[in-house]
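Here is the structure we will look at, set down as structure tokens.
The values are calculated or read from the model by the stated rules, or taken from the named source; none is laboratory data. Keep in mind that this is a model prediction, so the values were computed, not measured. Cβ: placed from backbone, ideal geometry, glycine included. Neighbour counts: every protein chain shown. For accessibility, only protein heavy atoms count, side chains too; no ligands or nucleic acids. Shrake-Rupley method; radii C 1.70, N 1.55, O 1.52, S 1.80 Å.
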Amino acid sequence: MKEKEAMEFLAQAGSLGIVPGLETVRELCRRLGNPQKELRFIHLAGTNGKGSVSAYLAAVLKCAGYRVGRYFSPAISQYREIIQVNDRSIPVKAFCKGLEQIREVCAQMTAQGYAHPTVFEMETVLGFLYFREKQCDIVVLETGMGGLLDATNVVEHTVAAVLTSISMDHMGFLGKSLKEIAAQKAGILKAARPVICGQQPPEAMEVIAAKAAELGCPLLYAGPGKISHVHFGLKRQRFDYGTLRGLEIALAGPCQVENAALAVETLLELQRQGYAISEEALYKGLAEAVWPGRFSILGEKPYFIADGAHNADAAKRLAQSLTFYFTNKRIVYIIGVLRDKAYEEILSATHSLADQIITVTPPDNKRALTAYELAGEVAKVHPNVTAADSLEEAVEMAYLLAGKEDVIVAFGSLSYLGRLMEIVSRRNERCREGRSASARK
């Protein structure tokens, strides 16, 4: 199987959509030798913050000398990046070999009356196969959606379950109330295994605490009371956590201090379990962790920020960050969203900070809300909106509208941010080459 063939196979399976449940993925794992049973996991669930927390965890564990698998979704820049070992994406050869095995098993399953595994189920099992092959010491594993019925929840050997911020999202699958959604997220808890919990709304915390008590899980909190002496910044941020002084992170945004604290609390629990994580590795890994598309600075003069705020809670956090860092600055938005997201709430949380808004259609996504449809929604709450025909046009338009002291912010669906970041990077490179040529003259 070649890479093009592998991608075509996944695209065909994409028509199956999202099918919560574990029966099919369990059967797929069984027929492939249950690779997940030979691995140890830090399992993460939550609405926002999973990617950032897992980036901190993976970076520190790598610095501590462990071979670390990491699985997340969606991809930002390149499809294969969702499966990584020590920051390296699964190679094309291993990607194609694993999917060929999976395709053969899927054919056997459907011939025997089983449902065909979904794309997410196949990606998850491909990750397990690759992590087993690479003999990973530990895998940082993110749920795709929910937890209880998420394909990743076939894992058994969880060294820690981590619950990031829980809010309203995927209501069509997870429930109409915060309690129902929290119950799905808390479905990743395993009997007597520790749970590390970030800041939660009271309704969610009530559900988590009850589930932890039912299963006999030690429940640890990464609460604001342990965070002190915070020095916020766009390029570096520092804070104390308990007795740890001067921890530093490169990810921007006030919420990133909370995310880093959740990772630190998890790593301290791993230390108690016997994992050799030195203080030096802890400091170094936190400082080196990167996670593109989360309040990422793509350029300066004007500042160009990219952020994957794709639900109401994330949009509120983005608005807080913009108010915190760019008070009294003129701001130009580029927004692209998916049709099944609460885009009215996203706009409600963010529109008042923008001077101009440009809408885009996330490319190659059947769930995308078109730029023109989104512009119609924006026009209900903001007078200055333009629909762009392409991401390239949106970037050029934003630069024309923004002066050097202004701010451009691209946000919404992660499905378009990777391509937009590439466009901005190429534009920045052309500008640098132009300046260098002028200087030589």
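The table for this structure:
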{"read-out": "Every pair of residues 6+ apart whose Cβ atoms lie under 8 Å, when the first sits in region 332-344 and is more than 11 Å from Pro362 (Cβ to Cβ) while the second is assigned to a loop (DSSP other than H, G, I, E, B) and open to solvent by 40 Å² or more (accessible area, probe 1.4 Å)", "value": "Val332/Asp355; Asp340/Arg367; Ala342/Met168"}
{"read-out": "Failed item, numbered, when Val92 is tested on (1) hydrophobic (A, V, I, L, M, F, W, C); (2) crowded, with 20+ Cβ neighbours inside 10 Å; (3) more than 22 Å from Gly146 (Cβ to Cβ); (4) touching an Asp or Glu at 6+ places or on another chain (Cβ under 6 Å)", "value": "(2)"}
{"read-out": "Filter result (small (Gly, Ala, Ser) and open to solvent by 30 Å² or more (accessible area, probe 1.4 Å)) within region 374-402", "value": "Gly376, Ala379, Ser390"}
{"read-out": "Hey, Gln112 touching a residue at least 24 places away in the same chain (Cβ under 8 Å) and open to solvent by 70 Å² or more (accessible area, probe 1.4 Å) or not", "value": "no"}
{"read-out": "Lys366, sole failed condition from (1) more than 26 Å from Ser52 (Cβ to Cβ); (2) open to solvent by less than 60 Å² (accessible area, probe 1.4 Å); (3) assigned to a loop (DSSP other than H, G, I, E, B)", "value": "(2)"}
{"read-out": "The listed residue being at pLDDT 95 or above, more than 30 Å from Glu344 (Cβ to Cβ) and open to solvent by 30 Å² or more (accessible area, probe 1.4 Å), out of Glu133, Glu123", "value": "Glu133"}
{"read-out": "Residue in region 129-139 that is closer than 30 Å to Val257 by Cα, over 20 Å from the mean Cα position of the chain (by Cα) and touching a residue at least 24 places away in the same chain (Cβ under 8 Å) present", "value": "yes"}
{"read-out": "Top-ranked residue in region 21-54 [being of a type in the set (D, E, K, R) and farther than 22 Å from Ala183 by Cα; ranked as least open to solvent (accessible area, probe 1.4 Å)]", "value": "Glu27"}
{"read-out": "Checking Gly412 against (1) free of Cβ contacts under 8 Å to residues at least 60 places away in the same chain; (2) crowded, with 16+ Cβ neighbours inside 10 Å; (3) of a type in the set (Gly, Ala, Ser), the condition it does not meet", "value": "(1)"}
{"read-out": "Residue within region 285-292 that is within 15 Å of Val409 (Cα to Cα), buried (at least 20 other Cβ atoms within 10 Å of the Cβ) and touching a residue at least 60 places away in the same chain (Cβ under 8 Å) present", "value": "no"}
{"read-out": "Residue check, Val230 part of a strand (DSSP E or B), of a type outside the set (Asp, Glu) and under 23 Å from Lys50 (Cβ atoms)", "value": "yes"}
{"read-out": "Unmet criterion (only one of (1) on the phi > 0 side of the Ramachandran plot; (2) open to solvent by less than 40 Å² (accessible area, probe 1.4 Å); (3) not small (Gly, Ala, Ser)) for Leu57", "value": "(1)"}
{"read-out": "Criterion: over 19 Å from the mean Cα position of the chain (by Cα), surrounded by fewer than 19 Cβ atoms within 10 Å (Cβ to Cβ), closer than 17 Å to His116 by Cα and not polar (S, T, N, Q) - qualifying residue of Ala11, Ala6", "value": "Ala11"}
{"read-out": "Residue satisfying all of: in region 395-437; under 24 Å from the mean Cα position of the chain (by Cα), in a helix (DSSP H, G or I) and among the small types (Gly, Ala, Ser); farthest from Gly144 (Cα to Cα) among these", "value": "Ser425"}
{"read-out": "Residue among Ala306, Ala263 that alone is within 20 Å of Ser165 (Cα to Cα) and buried (at least 16 other Cβ atoms within 10 Å of the Cβ)", "value": "Ala263"}
{"read-out": "Test for Thr361: is it part of a strand (DSSP E or B), out of contact with any Leu (no Cβ under 7 Å at 6 or more places or on another chain) and either aliphatic (A, V, I, L, M) or touching a residue at least 12 places away in the same chain (Cβ under 8 Å) (or both)", "value": "no"}
{"read-out": "Within region 241-355, strands (runs of 3 or more DSSP E) holding 1 or more residues that are closer than 21 Å to Pro224 by Cα", "value": "244-249"}
{"read-out": "Single residue of region 317-347 satisfying the filter (open to solvent by 40 Å² or more (accessible area, probe 1.4 Å) and of a type in the set (D, E, K, R)) that is nearest to Ala402 (Cα to Cα)", "value": "Arg330"}
{"read-out": "Candidate set: region 214-227, residues that are modelled with pLDDT of 95 or more and assigned to a loop (DSSP other than H, G, I, E, B); chosen: the one surrounded by the fewest Cβ atoms within 10 Å (Cβ to Cβ)", "value": "Gly216"}
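For every residue, the table says whether it meets (1) hydrophobic (A, V, I, L, M, F, W, C); (2) over 22 Å from His310 (Cβ atoms).
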| residue | (1), (2) |
| --- | --- |
| Arg26 | no, yes |
| Leu44 | yes, no |
| Ser77 | no, no |
| Val105 | yes, yes |
